[in-house]
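Read the structure below first, then the notes.
Computed from the coordinates by the stated procedures, all read-outs in this text should not be read as laboratory data. Please read these numbers as outputs of a predicted model, since none were measured by experiment. Positions of Cβ are backbone-derived with ideal geometry, glycine not excepted, and every protein chain shown enters the neighbour counts.
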Amino acid sequence: MSDFFLLSGVLLLAFTAWKTHSLTPGGAAASAIIGTVITFAFSMNGLLLLAGFFISSTWLGRYYSGKSKLKEEFEDKGEKRDASQVLANGGWAAAAALMFILTEQSYWIAAYIGSLAAANSDTWASSIGKSSRVKPVMVITRKPVLPGQSGGTSAKGTIGALAGSLFIVLLAYILFGLAGPFAAMWLIWPFLLLTGFISQWLDAFTGAFFQVLFKCDQCGTLTEKLYHCQQRTRTVKGWKWVTNDTVNHICTFSGMILGGVSGAIFYV
């Protein structure tokens with residue numbers, strides 16, 4: 001299919017995501033840029049894999065939002081993804097695509113898949129985990145935490161993490177594994193599955209150790225927001241510059257690196 005039609009589709013999807021309140025204007029612009037880079041690198045197959053991540057994560061987020069016990073007052077950002085969120089989830093996948101354009105080395109395809117597997121694993125874990133009837137526990141201390149709090153884990157969220165990585169890897173196998181450089185390298189696919197799953201755990205540990213958490217002195221609520229009850233909140237944990245977007249960058253960057261290393265080992 002002509003790149004012109006694919007790029008037109010990228011712009012149309014970004015516009016549609018904005019109009020349906022899935023993305024902010026900045027988020028739509030960032031997604032259009034990411035989609036453009038991926039189009040030039042991997043054409044239709046790359047876009048379908050990106051669409052698999054975006055559509056599944058958006059649908060799951062909306063489906064479980066009604067079942068979630070997480071109050072809106074806890075999360076810093078709402079349902080719409082802004083530019084920083086889009087870049088945190090898809091920016092490193094686009095970087096892998098750009099490196100493939102520049103080098104034409106096939107391990108960058110594995111890096112691309114690994115980054116999206118990590119993003120999907122983390123997103124599915126968060127969306128599904130928030131609906132758990134069992135209160136999550138901190139990954140390090142095993143003490144109960146609020147649903148949605150970074151570093152919190154639950155059995156349901158862990159299953160979601162594995163399923164999210166598996167979904168992307170299975171879709172990638174259909175798109176990239178039945179032909180091309182990875183057709184005969186079946187061993188790489190379990191490693192890519194683990195890449196997404198492990199990266200999600202790196203996300204959890206980073207969030208538990210370093211992500212900032214605030215407390216409202218007015219009502220005592222723990223939150224990711226700088227302001228609550230019309231006053232500034234107080235830092236009770238982590239570093240102020242380590243936000244949820246920062247943690248997501250670490251997750252998807254780890255997926256890119258681990259995926260690329262897997263690709264280099266099995267391809268070379």
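Going by average Cβ neighbours within 10 Å, how do the peptides 39-45, 256-262, 203-209 rank, with the highest at the top? Numbers along the way, then the final one.
Working: 39-45: 18.0, 256-262: 23.9, 203-209: 21.9.
Final packing ranking: 256-262, 203-209, 39-45.
If each of R133 and L12 carries a label point 7 Å out from its Cα toward its Cβ, how far apart are those two points in nm?
Calculated label separation equals 4.4 nm.
For W18, W124, which order do you get if you count the other beta carbons within 10 Å of each Cβ and list the fewest first? It would help to have the intermediate numbers written out before the result.
On the way: W18 19, W124 29.
Fewest-to-most Cβ neighbours within 10 Å comes out as W18, W124.
What is the helix-to-structure angle for 155-172, meaning the angle in degrees between its Cα long axis and the longest Cα principal axis of the chain, kept from 0 to 90 and rounded to the nearest 10?
20
Quick one: helix 107-129 against the long Cα principal axis of the chain, what's the angle to the nearest 10°, folded into 0 to 90?
Tilt relative to the chain: about 30 degrees.
Viscosity 1.002 mPa s, temperature 20 °C: what is the translational diffusion coefficient of the chain from Stokes-Einstein with a Kirkwood Rh over Cα pairs, rounded to a whole number of µm²/s?
Rounded to a whole number, D works out at 114 µm²/s.
Between their Cα atoms, which of K19/K156; K80/K143; K19/K237; K19/K215; K19/K143; K130/K240 are more than 29 Å away from each other? Please report the intermediate quantities before stating the final value.
Values: K19/K156 32 Å; K80/K143 31 Å; K19/K237 37 Å; K19/K215 34 Å; K19/K143 41 Å; K130/K240 24 Å.
With Cα atoms farther than 29 Å apart: K19/K156; K80/K143; K19/K237; K19/K215; K19/K143.
What is the fewest-to-most order of E224, E104 by other Cβ atoms lying within 10 Å of their Cβ? Before the final figure, lay out each step's value.
Values: E224 20, E104 9.
Ranking E224, E104 by Cβ neighbours within 10 Å, fewest first, gives E104, E224.
Apply the Karplus curve 6.51 cos²θ - 1.76 cosθ + 1.60, θ = phi - 60°, to the phi angles in the stretch 229-237 and return the couplings in whole Hz, x for Gly and Pro.
Values per residue, Gly and Pro as x: 6, 6, 8, 5, 8, 10, 5, 10, 7 Hz.
So how do C219, C229, C251 line up by other beta-carbon neighbours within 10 Å, fewest first?
With the fewest neighbours first, C219, C229, C251 line up as C219, C229, C251.
Any idea what the dipole of the chain comes to, in debye rounded to 20, about its Cα centre with Lys/Arg Cβ at +1 and Asp/Glu Cβ at -1? Please list the in-between numbers first.
On the way: 20 positive and 13 negative charges, 228 e Å.
Roughly 1100 debye for the chain.
Given an 8 Å cut-off on Cα distances and at least 6 residues of separation, report the relative contact order of the chain as a percent. Mind dumping the intermediate values first?
Values: 485 pairs, mean separation 61.5, N = 268.
The value is 23 percent.
So for the pair L187, K237, with labels modelled 7 Å out along Cα→Cβ, what separation do we get in nm?
4.0
To the nearest 10 degrees, how steeply does helix 188-210 sit against the main Cα axis of the chain, on a 0 to 90 scale?
30
Round to a whole angstrom and tell me the spacing of the C-alpha centers of the stretch 16-62 and the stretch 165-227.
17
With the cut-off at 15 Å, report for the stretch 184-224 the share of all Cα pairs above it, as a whole percent.
It works out to 62 percent of all Cα pairs.
Measure off 7 Å from each Cα along the Cα-to-Cβ vector at L170 and F4, then give the distance between these two points in nanometres to one decimal.
3.8
Can you tell me which of L11, L213, L187 moves the most in a GNM of the chain? Springs connect C-alpha atoms under 10 Å apart.
Checking each option, the largest mean-square fluctuation is seen for L187.
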